[in-house]
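Read through the structure below, which is laid out as structure tokens, and then see the notes.
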Amino acid sequence: MNRSRLIPVYVSEADWDRDQAALRSIRHRVFVDEQKVPEQLEWDGLDDTGWHWIARDESGTAIGTARLVPSGQIGRMAVLATHRKQGIGARLLAAAVSMARELSFDQVFLHAQTHAIKFYHQAGFQMVGEEFEEAGIAHRIMLKDLKKE
């Protein structure tokens with residue numbers, strides 16, 4: 001983490017109806033523009049069924065997002081390139097895991113892009129299964145058992 005670049009960041013639960021434009025903007029920039037994920041894969045129809053978080057900088061600009069859906073899957077973790085390596089993703093992930101605990105989920109899981117496995121492992125997630133491709137990007141399923149904590 002580059003502490004010399006740290007800026008105040010505020011992570012809060014988002015409301016899909018109210019915050020949809022900001023959440024979509026972040027995800028479009030990270031997944032569609034940067035990672036070349038096809039739009040029809042990014043917009044999977046699950047957004048209105050889940051819980052969302054948004055990270056904003058001190059000016060209120062949306063810079064990161066995460067989502068938890070009723071199946072226990074955490075996803076759509078995205079932080080704008082200009083704000084990465086500052087702990088924002090870890091805070092978004094912690095918020096999603098905390099909500100899963102409040103909802104009494106036994107476990108949470110995610111599809112980790114292989115370059116991010118270390119990040120999720122540091123947050124207590126364990127790899128299961130083989131590597132697979134999703135949206136043309138290599139992934140691994142990772143689980144976190146919430147009953148053990």
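Throughout, read-outs are computed from the coordinates displayed, never taken from laboratory work. Note that the coordinates shown come from a computational prediction; the quantities given were computed from them, not determined experimentally. Every residue, glycine as well, gets a Cβ built from its backbone with ideal geometry; the counts of neighbours run over all protein chains shown.
Things to note:
- Between His28 and Ala81, the simple spin-label model (points 7 angstrom out along Cα→Cβ) gives 1.7 nm.
- Top of Trp53, Trp16, Trp43 by mean-square fluctuation, Gaussian network on the chain, Cα under 10 Å: Trp43
- Two-site FRET efficiency, Ala21 against Leu46, from Cβ-Cβ distance with R₀ of 30 Å, rounded to 0.05: 0.95
- The stretch between Val128 and Thr114, if pulled fully straight at 0.36 nm per residue, gains 3.8 nm over its current Cα-Cα span.
- Looking at the chain alone, DSSP beta bridges between its own residues are antiparallel in about 95 percent of cases.
- Counting 0.36 nm for each residue step from Val69 to Ala94 and taking away their Cα separation leaves a gain of 7.5 nm.
- Simple label model, 7 Å out from Cα along Cβ direction - Lys148 to Lys36, nm: 3.7
- Counted charge near Arg140, where neighbours are those whose Cβ lies closer than 14 Å (Asp, Glu -1; Lys, Arg +1): -2
- Here Cα Rg over 2.2 N^0.38 Å was calculated from the structure, and among [x] 1.62; [y] 1.28; [z] 0.99 it sits at label [z].
- For region 102-110, Karplus couplings with θ = phi - 60° (6.51, -1.76, 1.60), whole Hz, Gly/Pro x: 4, 7, 6, 5, 6, 7, 10, 9, 7
- Hits among lysines - C-alpha to C-alpha of Lys144 under 23 Å, sequence gap 8 or more where chains match: Lys85, Lys118
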